[in-house]
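Since every read-out is calculated from the coordinates, none of them should be taken as a lab result. Not measured: the values here are computed from a predicted model. A quick note on method: Cβ atoms are made from the backbone with ideal geometry, for glycine too, and the neighbour counts reach across all protein chains shown.
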């Protein structure tokens, strides 16, 4: 078989749809719900001007924080922590296992520790220590984890 292999900035909607359907079918065959949803938490001032955003997504039984941004003029006032706390409050008790994220050494690893996240591991960049990555996790205390698992169909009642 002959083929080509190329890097692409995007793929077509048709290709994306086909890929998604096949991935979902594979995961479903294993009793897993991909549960992928992107979302943002947005902080606005009294005039409706955005000054803080937390971008994240759910996948399986986890919440992944992609980015947190607070406008320079509002940093150091607890708004980043408010974003993280609201994320936790929103998903607490909804059957998720954890919230996780990755941050670089030049960013804010200490901030996430203050928010109660635990270091899972550190990937050291020997050539540029500012780009050393810290992987964080914060587990929910929920006794029951329901996200990421397909509900079993009930059999006939006797």
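Each Cα pair under 8 Å and six or more residues apart adds its separation to the average, and for the chain the resulting relative contact order is 20 percent. Structural descriptor for the stretch 27-119: relative contact order 21 percent, calculated from alpha carbon pairs under 8 angstrom and at least 6 residues apart. Centroid-to-centroid, using Cα positions, the stretch 118-133 and the stretch 15-36 are 32 Å apart. Classify the stretch 1-101 from the C-alpha gyration tensor, please: rounded if a/c falls under 1.5, else prolate or oblate depending on whether a/b exceeds b/c. In terms of gyration-tensor shape, oblate. Sorted on the mean count of surrounding Cβ atoms within 10 Å across their residues, most packed first, peptides 94-100, 109-115 read 94-100, 109-115. Kirkwood's formula applied to the C-alpha pairs of the stretch 36-158 gives a hydrodynamic radius of 16.2 angstrom.
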